[in-house]
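One structure below.
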Amino acid sequence: MSNSSSHRSIFITLSSVLLVLLVTLLPFNFTAEGVTFRSAMRSFFQHASGFSDIVGNVFLFMPFGIDLAYELRQRRFRPKATFLLVVILSTALSLLVETLQVFLPWRASSWIDICTNTAGGAIGAAIYLAWQHMFPNGSRAIAKQIRHWLSPRMLMVLSVLWFVATAGLFLVLEQTVQIATWDFSLASMFIFYSAFFIPLGILLAMITNVLKHEPKLYLMLASAGIVLPAIMMEVLLRGTDLRKTNLVMSVTISLFTLLVVRGRLGHLLRY
C-alpha cells in the first residue's frame, strides 16, 4: 500500500472514531460533581437501554467496524485476525466512551451499550469481509458506476428531489402528528434526523467530489448545503422556536457524512 493510500485509509478510519465521539459525548460538558465510584457502578449495571438506544449503538459503530476492517486488510492482516482486532478495538472504544459518559450529567453508562457497540463494530467488519470475499473486484465495478452517475445535471436533480421530498415529509408529519411536540430521546432523534441528513451528506460528497478542482466553490457549497437545510427543516417543524441541539445534530450528521463519504469516494475512484 502506497503512503498516500495509507494516509487516506487512516483518515477514513479516524473520521469514524471522531463521529462516534461526537455523537456520544457532545456537547462535552464534563463534570465530576456528584460522581462517585459506587454511583457509577450502580448506573453501569442497572441502567436499562431502550430499543432505540440499542439500534442506534449498533448502527453508530458499524462504520467504524467497516473502516477498521478495510484498514487492517489493506495492511495484509488475515480475515480472522482482522475480525478479532475489530471486536477488541470496538470494545476498547466503547469502554472509553462509557467511562467518559460517567462525567456527563445527561448521559448514562451501561454494560448493554458496550455489548451493542461491540456488536455494531463486529457486524461492520463482517459486512466488509463478506463483501471482499464475494466481490473481490467489486470496488472497480462500483467506481465505474459512480463515474457514470457523477454528472452535474444528475446531482442537481437529486438535490432538488431531496429538498422537495424532505420538506414535504416534514410538513406532512407536522400537520398530521405534530411531530415537533414529541419528546424524543437523543438516540431516537439521531435516528430520525439521520434518515434525512445522511442522504444530504452523501449528495454533497458527490457534488464536492465533482468540484474538487474549485476549492472556493467547494467550501461555499459545502457550508451552505450543510447549514441552510438544517435551519430550513427546523423552521418547517418549529417555526421560530429553533432548538440548538437539533440544529447541531443536523449539521453534525450532514458534515460528517460529507467528510466520510467524500474520503471514501476519493479512495474508491482511484480505480
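The values are calculated or read from the model by the stated rules, or taken from the named source; none is laboratory data. As the structure is a prediction and not an experimental result, all values here were calculated from the model. Because the Cβ atoms are built from the backbone with ideal geometry, glycine has one as well, and the counts that use them run over all protein chains shown.
Could you say whether any residue in the range 29-45 is closer than 29 Å to Leu258 by Cα and not hydrophobic (A, V, I, L, M, F, W, C)?
If we filter the range 29-45 for residues that are closer than 29 Å to Leu258 by Cα, which is where we start, we get 29-30.
Now restrict to residues that are not hydrophobic (A, V, I, L, M, F, W, C): 29.
Yes, that holds for at least one residue.
Looking only at the range 125-147, decide whether some residue is polar (S, T, N, Q) and at pLDDT 90 or above. Before you say what the answer is, go through the steps one by one.
Step one: filter the range 125-147 for residues polar (S, T, N, Q), giving 132, 137, 139, 145.
The next check asks that each one be at pLDDT 90 or above; those that pass are none.
No.
For the range 238-261, the set of residues classified as at pLDDT below 65 and either within 23 Å of Val157 (Cα to Cα) or hydrophobic (A, V, I, L, M, F, W, C) (or both) consists of Leu242 only. Let me confirm something: among Ile54, Ile66, which residue is buried (at least 16 other Cβ atoms within 10 Å of the Cβ) and more than 22 Å from Met189 (Cβ to Cβ)? Checking each option against the conditions leaves just Ile66.
Quick check: is even one residue across the range 91-100 at pLDDT below 90 and not in a helix (DSSP H, G or I)?
The first filter runs over the range 91-100 and keeps only residues at pLDDT below 90, leaving 98-100.
Subsequent filtering for residues that are not in a helix (DSSP H, G or I) retains none.
No.
What about Gly124, is it under 22 Å from Phe256 (Cα atoms) and either out of contact with any Lys or Arg (no Cβ under 7 Å at 6 or more places or on another chain) or part of a loop (DSSP other than H, G, I, E, B) (or both)? Against the criterion (under 22 Å from Phe256 (Cα atoms) and either out of contact with any Lys or Arg (no Cβ under 7 Å at 6 or more places or on another chain) or part of a loop (DSSP other than H, G, I, E, B) (or both)), Gly124 qualifies.
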